[in-house]
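The values are calculated or read from the model by the stated rules, or taken from the named source; none is laboratory data. In this text, all values refer to a predicted model and were calculated from it rather than measured experimentally. Note that we place each Cβ from the backbone using ideal geometry, even for glycine, and neighbour counts take in every protein chain shown. For accessibility, only protein heavy atoms count, side chains too; no ligands or nucleic acids. Shrake-Rupley method; radii C 1.70, N 1.55, O 1.52, S 1.80 Å.
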Amino acid sequence: GQNIDQPTEMTATEGAIVQINCTYQTSGFNGLFWYQQHAGEAPTFLSYNVLDGLEEKGRFSSFLSRSKGYSYLLLKELQMKDSASYLCAVRDETDSWGKLQFGAGTQVVVTP
Amino acid sequence: GAVVSQHPSWVICKSGTSVKIECRSLDFQATTMFWYRQFPKQSLMLMATSNEGSKATYEQGVEKDKFLINHASLTLSTLTVTSAHPEDSSFYICSARGRGRGYGYTFGSGTRLTVV
């Protein structure tokens, strides 16, 4: 089974940096995803990590440590439009289908 | 890029009726489809996984007779909520994996179901 934990809410000001942590316990781990979701909309893919280390993509970076069951998403130069829920999702390949199990999501509020 | 078209975007139905939600992959073959449900301010909860031509596998606690999933072709999967009740009101969303799509998952746009 999965146990994916991330903070419920984080607040930061425009232009600042926010780091969203995610810890997980899972069998059949084969990758960790970060998604952004605005209310009532589908999740939007942000990043994917399957090996340890940092992946950088513009203002967003994601880090993975498989031995620690830990990942973080770093959002730099925050903009108002970054206010959204950020979902950590772990892929489980136990049954070879690659199910994605999601954490509860972190609501990021960006203030002026 | 890969697109999954999900319909309807929203639906209101009377208690006791059935509702069908469709997800179509427009430019790739969706070998595996995942169906999620999301209640307000909560995360996506996996309901079931379906592979083309096979019976769906349901997550623990999900009633397979209530949530009927059909994955008859590589481009179409449907979720039918049977005998819907107000507690079934939720946001339903599909996600597809396909051949040649690498590690990626393509999400539909979601269906807001309200049962009155």
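In Å and from the alpha-carbon atoms only, list the Rg and Dmax of the stretch A:7-46.
Considering the stretch A:7-46 through its Cα atoms, Rg and Dmax are 13.2, 38 Å.
Which of A:Lys76/B:Lys41; A:Lys68/A:Lys99; A:Lys68/B:Lys66 have a Cα-Cα distance over 30 Å?
A:Lys68/B:Lys66
For the stretch A:75-106 and the stretch A:1-23, what is the separation of their Cα centres, given in Å?
10 Å
Could you pull out the longest piece of chain B with no exposed loop trypsin sites (Lys or Arg not before Pro) in it, calling a site exposed if DSSP puts it outside H, G, I, E, B and it has at most 15 other Cβ atoms within 10 Å?
Answer from the scan: B:67-98.
Roughly how large, in nm² to one decimal, is the mean projection of the convex hull of the alpha-carbon atoms in the protein assembly as shown?
12.2 nm²
Go ahead and set up a Gaussian network model of chain B, Cα springs under 10 Å, then flag whichever of B:Cys23, B:Cys13, B:Cys94 fluctuates most.
In this elastic network of chain B, the residue with the biggest mean-square fluctuation among B:Cys23, B:Cys13, B:Cys94 is B:Cys13.
Using Cα-Cα distances under 8 Å and only pairs 6 or more residues apart, what relative contact order does chain A have, in percent?
Answer for chain A is 36 percent.
Lone cysteines in the protein assembly as shown, defined as no other cysteine's Cβ under 4.7 Å from theirs: which are they?
B:Cys13
First compute the accessible area of chain A with a 1.4 Å probe, then give the percent of it belonging to carbon and sulfur atoms.
Within chain A, the accessible surface is 50 percent carbon and sulfur.
Quick one: accessible area per residue over chain A, 1.4 Å probe, rounded to a whole number of Å²?
46 Å²
Residues of the stretch A:66-112 losing 50 Å² or more of accessible area relative to the isolated chain, 1.4 Å probe, heavy atoms only?
A:Trp97, A:Lys99, A:Leu100, A:Phe102
Find out how many positive minus negative residues lie around B:Met47, taking Lys and Arg as positive, Asp and Glu as negative, among other residues whose Cβ is under 9 Å from that of B:Met47.
Local net charge: 0.
Rg and Dmax of chain B, using alpha carbons, in Å: what are they?
13.4, 42
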